[in-house]
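Asker: Dropping a structure here in structure tokens format, bear with me for questions.
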Amino acid sequence: MDALPDPAGPSGAPPRPLRIAYVTETWPPEVNGVALSAARFVQGLLQRGHRVQLLRPHQGEGERMANRQEGAGLAGLEEQLVPGCPLPFYPQLRMGWSRAGTLQRQWQQWQPDLVHVATEGPLAWAALRAARRLGLPVTSDFRTNFHAYSRHYRIGWLQGIVLNYLRAFHRRTDGTMVPTDALRRELAAQGFTDLSVVGRGVDTTLFTPQRRSQALRASWGAQPGDPVLLCVGRLAAEKNLLALVSAFRTLQACHPRARLVLVGDGPLREELRVRCPQAVFAGQRSGEDLAAHYASADLFAFPSLTETYGNVTPEAMASGLALVAFDQAAASQLVRHGENGLLVPPGDALAFCRALAELLDHPQRRQAMGRQARESMRNQGWDEVVARFEALLHQVVLRRGANVGNADSALPAAVRSGA
């Protein structure tokens, strides 16, 4: 996005609260990076005094689970739920459905200053059309490499079509936010416009080495001194987990006491179990339970090649784990090669295996890297990330000529009068 006036104004006073319609097709208790980081951003906006209307699909049984979870809701959040259906290839997630006219009438009453869309599905398209009819500014997130996923599901011929779809969607918004500068450059080269970098934070109170559990390690079959490799994420083809399993089986020749723990679930689970019956399949974990799984391992092995960021990277590092990953996404941004982890060229499976072997062969070096990883995450909290997000929202509102002190002015006069 181009440089814009300071949203605080010439007086330097804090910007006034916004009314933000936040649109997403995934939300906790669904377990994925988009849902969890979206909740963090919304929580941060509410804590800063903004009013947020969350528009998302019903989650069926997930909805009832969320209602049973202590603290699952966010105080002051107004939710608007719409019908949904399972996402192809991701039946655990749902696409939302709504008519643009329905959202238009809803926002005529609620009068948001801005609409932010975190996903690019049918619900987001309806929101984009409704906002444009009302003259509302719209911002968006690019969070998932759906075009890169296609080749992992034997529909690689769709990659160009999906990329064109994503580009067309985001170019219709007033600005797109991406998690890393590397992704910004990549998308700019592919014709995306008005890109801004908004990173991701990590909860260093939740994810900490202090949660290490000898009892949990024992449940994995790890004796004192046995190295445990951990990977956290969806068990799916696009996560490149077969490369990790292959590397682990090679490493077992020299490190027969090593353990591999996979946290997460997905369609590749049974194939992985067949290929590597020695692995521990811990299933989906969250909260303090997930944090204990991180802290109880010794090395984080992350083979994914399709991440836009990868929240698991800072979570593992905050938990005191050295990391081996391909040199891209969050790892490229956060890992200092040889200091707090090891980076290898993207797609080089042999280099990935060798890097894991190097840290298994030298436990003292691995432990020193883990301490450095923890130290490097101390200043990666969510406050500064949400502040950057907030500032960009204010700037877009200002660029569209809205008066943030009066929510009515974000709507055309004819709309405000009900015409």
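Asker: Does Ala301 qualify as being under 30 Å from Leu187 (Cα atoms), at pLDDT 95 or above, part of a strand (DSSP E or B) and not basic (Lys, Arg)? Even if it seems obvious, please write down each step before you answer.
Answerer: Numbers: under 30 Å from Leu187 (Cα atoms): yes; at pLDDT 95 or above: yes; part of a strand (DSSP E or B): yes; not basic (Lys, Arg): yes.
It is true that Ala301 is under 30 Å from Leu187 (Cα atoms), at pLDDT 95 or above, part of a strand (DSSP E or B) and not basic (Lys, Arg).
Asker: Just give me the residues in segment 334-353 being open to solvent by 20 Å² or more (accessible area, probe 1.4 Å) and under 22 Å from Glu375 (Cβ atoms), in sequence order.
Answerer: Arg336, His337, Gly338, Glu339, Leu343
Asker: Then there's this: Residues being open to solvent by 40 Å² or more (accessible area, probe 1.4 Å), in a loop (DSSP other than H, G, I, E, B) and at pLDDT 80 or above: count how many of those fall in segment 12-27.
Answerer: Qualifying residue count, segment 12-27: 2.
Asker: For the condition aliphatic (A, V, I, L, M), open to solvent by 10 Å² or more (accessible area, probe 1.4 Å) and touching a His at 6+ places or on another chain (Cβ under 6 Å), what is the one hit in Ala218, Ala237?
Answerer: Working: Ala218 fails: touching a His at 6+ places or on another chain (Cβ under 6 Å).
Ala237 is the lone residue from the list that is aliphatic (A, V, I, L, M), open to solvent by 10 Å² or more (accessible area, probe 1.4 Å) and touching a His at 6+ places or on another chain (Cβ under 6 Å).
Asker: Report yes if Leu114 is open to solvent by less than 40 Å² (accessible area, probe 1.4 Å), at pLDDT 90 or above and not small (Gly, Ala, Ser), otherwise no.
Answerer: Working: open to solvent by less than 40 Å² (accessible area, probe 1.4 Å): yes; at pLDDT 90 or above: yes; not small (Gly, Ala, Ser): yes.
Here the answer is yes, as Leu114 does meet what is asked.
Asker: Filter segment 240-260 down to residues that are over 19 Å from Val274 (Cα atoms) and in contact (Cβ under 8 Å) with a residue 40 or more places away in the chain and give me whichever is least open to solvent (accessible area, probe 1.4 Å).
Answerer: The qualifying residue least open to solvent (accessible area, probe 1.4 Å) is His255.
Asker: Identify, please: which residue in segment 309-331 is polar (S, T, N, Q) and open to solvent by 10 Å² or more (accessible area, probe 1.4 Å) and is, among those, farthest from Arg378 (Cα to Cα)?
Answerer: Step one: filter segment 309-331 for residues polar (S, T, N, Q), giving 311, 313, 319, 328.
Right, trim to open to solvent by 10 Å² or more (accessible area, probe 1.4 Å) and you get 311, 328.
Values: Asn311: 15, Gln328: 21 Å.
Among those residues, the one meeting the criterion is Gln328.
Asker: Looking only at segment 117-132, how many residues end up being farther than 18 Å from Arg399 by Cα and open to solvent by 10 Å² or more (accessible area, probe 1.4 Å)?
Answerer: The number of residues fulfilling the criteria is 6.
Asker: In segment 198-214, which residue that is in contact with a Ser or Thr (Cβ under 9 Å, 6 or more places away or on another chain) and part of a helix (DSSP H, G or I) is surrounded by the fewest Cβ atoms within 10 Å (Cβ to Cβ)?
Answerer: Within segment 198-214, the match that is surrounded by the fewest Cβ atoms within 10 Å (Cβ to Cβ) is Gln214.
Asker: Next question. Looking at Arg257, Arg273, can you tell me which residue is basic (Lys, Arg), touching a strand residue (DSSP E or B) at 6+ places or on another chain (Cβ under 9 Å) and at pLDDT 95 or above?
Answerer: Details: Arg257 fails: touching a strand residue (DSSP E or B) at 6+ places or on another chain (Cβ under 9 Å).
Only one candidate passes the filter, namely Arg273.
Asker: Considering each residue of segment 354-392, count those that are open to solvent by less than 30 Å² (accessible area, probe 1.4 Å) and either charged (D, E, K, R) or more than 30 Å from Asp113 (Cα to Cα) (or both), and give that number.
Answerer: Of the residues in that region, 12 qualify.
Asker: Go through segment 261-288 residue by residue and tally those that are crowded, with 19+ Cβ neighbours inside 10 Å and either within 22 Å of the chain's Cα centre (by Cα) or among the aliphatic types (A, V, I, L, M) (or both).
Answerer: Keep residues of segment 261-288 that are crowded, with 19+ Cβ neighbours inside 10 Å, which gives 261-264, 268, 272, 276, 279, 282.
With the extra rule that they be either within 22 Å of the chain's Cα centre (by Cα) or among the aliphatic types (A, V, I, L, M) (or both), the set shrinks to 261-264, 268, 272, 279, 282.
Residues flagged as crowded, with 19+ Cβ neighbours inside 10 Å and either within 22 Å of the chain's Cα centre (by Cα) or among the aliphatic types (A, V, I, L, M) (or both) within segment 261-288 amount to 8.
Asker: Could you look through segment 393-406, keep only residues that are open to solvent by 60 Å² or more (accessible area, probe 1.4 Å) and not in a helix (DSSP H, G or I), and pick out the one that is modelled with the highest pLDDT?
Answerer: Once the filter is applied, the top-ranked residue is Arg400.
Conditions tested, residue by residue: (1) more than 18 Å from Ala318 (Cβ to Cβ); (2) in a loop (DSSP other than H, G, I, E, B); (3) touching a residue at least 60 places away in the same chain (Cβ under 8 Å).
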position: Gly347; (1), (2), (3): yes, yes, no
position: Ala351; (1), (2), (3): yes, no, no
position: Arg354; (1), (2), (3): yes, no, no
position: Gln364; (1), (2), (3): yes, no, no
position: Ala368; (1), (2), (3): no, no, no
position: Gln372; (1), (2), (3): no, no, no
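Asker: Okay, next question. Test of understanding: among Glu63, Glu30, Glu70, which residue is modelled with pLDDT under 95, touching a helix residue (DSSP H, G or I) at 6+ places or on another chain (Cβ under 7 Å) and either of a type in the set (Asp, Glu) or part of a helix (DSSP H, G or I) (or both)?
Answerer: Details: Glu63 fails: touching a helix residue (DSSP H, G or I) at 6+ places or on another chain (Cβ under 7 Å); Glu70 fails: touching a helix residue (DSSP H, G or I) at 6+ places or on another chain (Cβ under 7 Å).
On inspection, the qualifying residue turns out to be Glu30.
Asker: Give just the number: which of (1) closer than 26 Å to Gln380 by Cβ; (2) open to solvent by 30 Å² or more (accessible area, probe 1.4 Å) does Cys231 not satisfy?
Answerer: Unmet for Cys231, out of (1) closer than 26 Å to Gln380 by Cβ; (2) open to solvent by 30 Å² or more (accessible area, probe 1.4 Å): (2).
Asker: Of the residues Arg366, Arg374, only one is modelled with pLDDT of 95 or more and farther than 20 Å from His255 by Cα; which?
Answerer: Details: Arg366 fails: farther than 20 Å from His255 by Cα.
Every option except Arg374 fails the conditions.
Asker: State which residue pairs qualify: first residue within 20 Å of Leu241 (Cα to Cα) and in a strand (DSSP E or B) and inside segment 317-342, second residue open to solvent by less than 10 Å² (accessible area, probe 1.4 Å) and not hydrophobic (A, V, I, L, M, F, W, C) in any location, beta carbons under 6 Å apart, and separation of 6 or more residues or different chains.
Answerer: Ala322/Gly341; Ala322/Gly370; Leu323/Gly341
Asker: Continuing with this model, one more query. Within segment 42-56, can you find the residues that are assigned to a helix (DSSP H, G or I) and in contact with a strand residue (DSSP E or B) (Cβ under 8 Å, 6 or more places away or on another chain)?
Answerer: Filtering segment 42-56 for residues assigned to a helix (DSSP H, G or I) gives 42-47.
Matches in segment 42-56: Val42, Leu45, Leu46.
The values are calculated or read from the model by the stated rules, or taken from the named source; none is laboratory data. No experiment lies behind these values; they were computed from the predicted model shown. Note: ideal-geometry Cβ built from the backbone for every residue, glycine included; neighbour counts use all protein chains shown. The accessibility values were calculated without ligands, DNA or RNA, using every heavy atom of the protein model including side chains. Shrake-Rupley method; radii C 1.70, N 1.55, O 1.52, S 1.80 Å.
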